[in-house]
Amino acid sequence: MPVSPQAFKQALSQWASGVTVVTTTFNGQPIGLTVSSFSSVSLNPPLISVCLDKKLYACTAVEQSGVFAVNVLDMHQMEYGLIFAGMMPGVEDRFAGIEVRTAVTGSPILPGVLCWLDCRVWQIYDGGDHLIVVGEVQATDSSGADTPLLYHNRLWRRSESLDVPTLAPEAHIIEVGPRDGWQAETTLIPTATKVELIDALSQAGLRRIQVASFVHPQKVPQMADAEAVCAHIRRNPHVIYSGLALNVKGVERVAAAGLQQVDISVSASEVHNRKNTGQSVEDGLLSLEEMVRVARAKGLSVRAGVQCAFGSVEDGVIDPRKVIGMVRRILAFGVDELSLADSAGMANPQAVRRLVQELRPMVKPVPLVLHLHDTRGMGLANVLSAMRSGVNYFDTAFGGLGGCPFIPGATGNIATEDTVNMLENMGVKTGVEVAKVSAVSQKMEALLGRKLDGKVYKLASRQ
Ligand code: ZN
């Protein structure tokens, strides 16, 4: 008698592309092997299929015995997964020490599994080097419902539900507060103050600081003293200083100011790009190519990228295919670093993962940098999602300063201290000293006479 569709559905709900052990009994011996290619075939009759490698003894055993059971492992049953995958050295009898139960068909059932399905072979199809075995479910139990043991490749890199390090051991933090942060402030900050704060940031363990934007002084008055700032800061030989430019003239100014790197970009949003540079996206890409050429000739390291890569206020969500196409063209210009900016703070962890996973193989070996804004409170969640997707370069601003003069309602970048604090607590090294950056944010708070968006600096002791 097959099981009811209800019970069958309940058992299937326990299998979230998790790890299963297929068991059977052959010549009086229990047989078991780890199998991930398990799926349902029909609800009524309740049919499931498993794919078994013809080379394996267990395949012959299932074929001969005509019965098998599927055991779905829970998150604590990694050991079973490895034993039955034959990946546990020194294990000769896979069932040694395991107290199995015997199902109706005679197949052994492992203890503590999320659910099991006991089957009679209904049909076998030839799948080349595999057999596709379809079984009719005779009995099932899913009372052990919990979290499944997941893995997605043969190296057993498992899901985040398990304490396995899946993040890069270090992250590169690029401080952009002096550029992205200050350009969003309408109160003019005296040059001497800027110099003092940048000098303090230079001593905080940061290895990259973006000090100014070399744009037209009438467009962004706050940045009119870009050259003066660069002339007076005390350069730390361990720090790479960069400047932002929107055109060839800006690139030349960055080089003349003695900075090592120029940051240039095109917006994926037509409206935003026009507001930013007065150009269409297409013209922006052509200008970018020219800027790369000039920067190279001046000996500058070039970081180029796409702004509003995750959407803009005016255009809404931007089609990832458009961003991918732009990135492909920018890479062809020959850049040292590729940046993706969520200028309007519209990314979410899933969108970050999707876009980054598409782009990373294409961008490699050029580093991919994410520039995130915390406009909707998803900044650090996006950092984590990016880290999980293999990105470990981030733009951050001390105190969570920032915005964009051409994006209505745009708020701060992710805060340097908050990002560093999260990463370091998770064992990811940044080299940045939270206390020293926090001290700069506290000075800034006093200077502006308002609380900044960052969280961690508020906790640091005040001098
Ligand atoms: Zn920004």
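Which of the helices (runs of 4 or more DSSP H) found entirely inside region 346-458 contain at least 1 residues meeting this: within 16 Å of the ligand (Cβ to nearest atom) and within 27 Å of Val327 (Cβ to Cβ)?
349-363, 379-388, 416-425
Only residues that are under 16 Å from Met326 (Cα atoms) and either without any contact (Cβ under 8 Å) to a residue 40 or more places away in the chain or β-branched (Val, Ile, Thr) (or both): list them for region 294-310, please.
Within region 294-310, Val306 is the sole residue that qualifies.
Given the residues Arg120, Arg101, which is the only one that is without any contact (Cβ under 8 Å) to a residue 12 or more places away in the chain, under 23 Å from Phe8 (Cβ atoms) and either in contact with a Gly (Cβ under 8 Å, 6 or more places away or on another chain) or of a type outside the set (Phe, Trp, Tyr) (or both)?
Sole residue among the options that is without any contact (Cβ under 8 Å) to a residue 12 or more places away in the chain, under 23 Å from Phe8 (Cβ atoms) and either in contact with a Gly (Cβ under 8 Å, 6 or more places away or on another chain) or of a type outside the set (Phe, Trp, Tyr) (or both): Arg101.
Return yes when Val356 is buried (at least 16 other Cβ atoms within 10 Å of the Cβ), modelled with pLDDT under 95 and touching a strand residue (DSSP E or B) at 6+ places or on another chain (Cβ under 8 Å) and no when it is not.
Taking the combined requirement at face value, the residue satisfies it.
So that you can scan it fast, the table gives a plain yes or no per residue for (1) free of Cβ contacts under 8 Å to residues at least 60 places away in the same chain; (2) buried (at least 20 other Cβ atoms within 10 Å of the Cβ); (3) among the basic types (Lys, Arg):
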site: Val211; (1), (2), (3): yes, yes, no
site: Pro217; (1), (2), (3): yes, no, no
site: Glu227; (1), (2), (3): yes, no, no
site: Gly243; (1), (2), (3): no, yes, no
site: Asn247; (1), (2), (3): yes, yes, no
site: Gly258; (1), (2), (3): yes, no, no
site: Gly278; (1), (2), (3): yes, no, no
site: Gly284; (1), (2), (3): yes, yes, no
site: Val292; (1), (2), (3): yes, yes, no
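For region 110-130, which residues satisfy the criterion of being within 20 Å of Leu56 (Cα to Cα) and among the aliphatic types (A, V, I, L, M)?
Val121, Ile124
All but one of (1) more than 22 Å from Gly128 (Cα to Cα); (2) without any contact (Cβ under 8 Å) to a residue 24 or more places away in the chain hold for Pro45, so report the exception by its number.
Looking at each condition in turn, Pro45 falls short on (2).
What strands (runs of 3 or more DSSP E) completely inside region 1-94 contain at least 3 residues that are modelled with pLDDT of 90 or more?
Ranges flagged: 20-26, 29-35, 47-53, 67-72.
If you go through region 359-380 one residue at a time, how many are surrounded by fewer than 19 Cβ atoms within 10 Å (Cβ to Cβ) and under 11 Å from the mean Cα position of the chain (by Cα)?
The number of residues fulfilling the criteria is 1.
Can you name the residue in region 309-345 that is in a helix (DSSP H, G or I) and small (Gly, Ala, Ser) and is also nearest to the ligand (Cβ to nearest atom) among such residues?
Gly325
The values are calculated or read from the model by the stated rules, or taken from the named source; none is laboratory data. Just so you know, these numbers come straight off a predicted model, no measurement behind them. A quick note on method: Cβ atoms are made from the backbone with ideal geometry, for glycine too, and the neighbour counts reach across all protein chains shown.
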